[in-house]
Amino acid sequence: MNRLVAPSFSTGQPICKAGIDLALHDLAGKLAGRSAAVPWQRQGRDRLTLSWTLNPGTLDEVEGLVEQGWQRGYRHYNVKVAPDPQFDLELCRLVKRLVPDGFLWADANGGYDEAAALEVAPKLADAGVPVLEQPLPPNRLRGYQRLKQQGALPIIMDEGVVSCVELEEFIHLRLLDGIAMKPARCGGLTEARKQIERVLDAGLMFLGSGLTDPDVSLAASLLLYGAYDLRYPAALNGPQFLQHSVLTQPVTAAHGELVIPTGPGLGVSVDEGKIPLLLVPDV
């Protein structure tokens, strides 16, 4: 795939590549009668703790949104921040007051400029935020150097890490403390595993995230994060935002956790009869 659609500072059609990669992992596992994770030879965990995603427009919304997660058994929260440092600081302080023991993960999606990121990082740390994800656009490399030199918070990259090529450069230049992994962002499980192993070899962090993954993609992420013993609540918010499933046995969160599938392949089976119900008719 990479010969035909070559990566540059993009994986090159990453979601399409991920779909093929996941399908092949599932097929190979089902043909062998074992989980796709068995050849990785890693002893991981059998369930993952989840994080509830918060992206409020006003502070008045926060308590109700936190309560929605709490009622469904979630005890950890990831919040969308940027570009307003003052709002973000008040948001994180409020969430921390509501769930003082929760892991509060701030994700800026590249929305700060360098000055704002340097200003807000130590204040977020004081508010109890343990990590700051993608504070700057991916190409602001000197800004990442300055944030690392500041040392207020561990800096996690997401959109900037396309492949192991970029990751190796960022590690060598000391631009990050870890990555937020999304198999769909980097073309599937094959590349995602390489990136996680490189990060762990360097003694850095990896967080588990996703692209509001439905069904099969969610199962693949669970296998990956479970096998590699993810230590932090995973921001896999498919169960939070998606109501329908094409699986014979849907993957369902209980008490803020998801069980790692153990069956052949990716551990799930598609009920093809459900697919037409989710198709959008031609208009």
Being polar (S, T, N, Q), within 30 Å of Leu89 (Cα to Cα) and touching an Asp or Glu at 6+ places or on another chain (Cβ under 9 Å) is the filter here, so list the residues in segment 28-52 that pass it.
-> Thr49
Exclusive hit being small (Gly, Ala, Ser) and closer than 19 Å to Lys80 by Cβ, set Gly143, Gly151, Gly128 = Gly128
Please give the helices (runs of 4 or more DSSP H) falling wholly within segment 166-283 in which 2 or more residues are open to solvent by 30 Å² or more (accessible area, probe 1.4 Å) and at positive phi.
-> none
Could you please give the count of residues in segment 78-135 that are within 20 Å of Glu159 (Cβ to Cβ), open to solvent by less than 10 Å² (accessible area, probe 1.4 Å) and without any contact (Cβ under 8 Å) to a residue 60 or more places away in the chain?
-> 14
Selection from segment 15-26 of residues within 17 Å of the chain's Cα centre (by Cα) and open to solvent by 60 Å² or more (accessible area, probe 1.4 Å) yields Ile15
Residue count, segment 58-75 (criterion: open to solvent by less than 40 Å² (accessible area, probe 1.4 Å) and within 27 Å of Leu136 (Cβ to Cβ)) = 1
Please note which helices (runs of 4 or more DSSP H) are completely contained in segment 1-110 and include at least 1 residues that are within 25 Å of Leu258 (Cβ to Cβ) and of a type in the set (Gly, Ala, Ser).
-> 14-32, 62-71
How about segment 198-229: which of its residues are under 24 Å from Leu65 (Cβ atoms) and not hydroxyl-bearing (Ser, Thr, Tyr)?
-> Leu207, Gly208, Gly210, Leu211, Asp213, Pro214, Leu218
Name the pairs: first residue in segment 248-261 and over 20 Å from Tyr77 (Cβ atoms), second residue hydroxyl-bearing (Ser, Thr, Tyr), Cβ to Cβ under 6 Å, at least 6 apart or on different chains?
-> Thr248/Ser269
Report the residue count in segment 27-44 for those that are open to solvent by 40 Å² or more (accessible area, probe 1.4 Å) and farther than 12 Å from Leu224 by Cβ.
-> 11
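The values are calculated or read from the model by the stated rules, or taken from the named source; none is laboratory data. In this text, all values refer to a predicted model and were calculated from it rather than measured experimentally. Using ideal geometry, Cβ is built from the backbone for each residue, glycine included, and neighbour counts are taken over all protein chains shown. SASA here: full protein model, heavy atoms, side chains in, ligands and nucleic acids out. Shrake-Rupley method; radii C 1.70, N 1.55, O 1.52, S 1.80 Å.
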